[in-house]
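Here the structure is laid out as structure tokens; the discussion comes afterwards.
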Amino acid sequence: MSDDHDLDYSGEGTLVCRGKEIAVGVKIKGYFQPLNGFYTWYGRIDKNDALGTLLAGRRTVAVFVTPEGRAECVVGDPDFWDRYRITGTSRPPYHIPTTLEDVESIAESEHHS
């Protein structure tokens with residue numbers, strides 16, 4: 001993935017899958033698809049031994065929880081560095097700007113950084 005400033009969410013969360021709660025770090029990006037009206041988000045879960053042991057390389061449906069929300073997701077196959085892919089099609093489990101004021105506020109804070 002690219003630099004963290006290009007991400008929609010980079011941080012900690014909890015993955016709830018197969019009856020377990022596992023604290024994970026993630027890097028996620030998303031986009032709104034106006035043709036079908038869905039918001040799709042995707043990214044990678046940082047290497048996590050507990051998750052690797054639980055999933056053993058298999059895909060699963062899970063719930064990803066952050067301090068800002070929760071959403072159903074699919075945890076996909078791991079890459080060469082044992083980072084599992086995470087994808088969802090729904091309101092993401094993190095804040096996204098939904099008003100012009102939100103977008104302008106983000107643009108102004110980035111301009112002053």
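For Ala50 and His95, what does the FRET efficiency come to when R0 = 35 Å and r is the distance between their Cβ atoms, rounded to the nearest 0.05?
On the way: r = 27 Å, r/R0 = 0.77.
Result of the calculation: an efficiency of 0.85.
Can you put Asp77, Asp8 in order of accessible area, largest first, using a 1.4 Å probe? Provide the component values of the computation, followed by the final result.
Values: Asp77 85, Asp8 55 Å².
Reading off the accessible areas and sorting them downward yields Asp77, Asp8.
Using the Cα centre of the chain as the reference point, and only Cβ charges (+1 on K/R, -1 on D/E), how large is the resulting charge dipole? Debye, rounded to the nearest 20.
With only Lys, Arg, Asp and Glu charged at Cβ, the dipole is about 820 debye.
For the chain, which whole-number percentage of the solvent-accessible area (1.4 Å probe, protein heavy atoms only) is attributable to carbon and sulfur atoms?
C and S fraction of accessible area: 51 percent.
Per-residue ellipticity at 222 nm for the chain, helices alone: DSSP H runs ≥ 4 residues times -39500 (n - 2.57), over residue total, nearest 500 deg cm²/dmol?
Estimated from H runs of four or more residues: -5000 deg cm²/dmol.
Express in % the proportion of alpha carbon pairs of the chain at distances exceeding 18 Å.
51 percent
Could you sort Lys29, Lys20 by accessible area so the largest value comes first, with the probe set to 1.4 Å?
On the way: Lys29 70, Lys20 110 Å².
Order by accessible area, largest first: Lys20, Lys29.
Rounded to the nearest whole Å², what accessible area per residue is found for the stretch 8-91 with the 1.4 Å probe?
59 Å²
The values are calculated or read from the model by the stated rules, or taken from the named source; none is laboratory data. Owing to the predicted nature of the structure, the values given are computational and were not obtained by experimental measurement. Note that each Cβ is placed from the backbone with ideal geometry, even for glycine, and that neighbours are counted across all protein chains shown. Accessible surface is based on the protein model in full, side chains and every heavy atom, while ligands, DNA and RNA are left aside. Shrake-Rupley method; radii C 1.70, N 1.55, O 1.52, S 1.80 Å.
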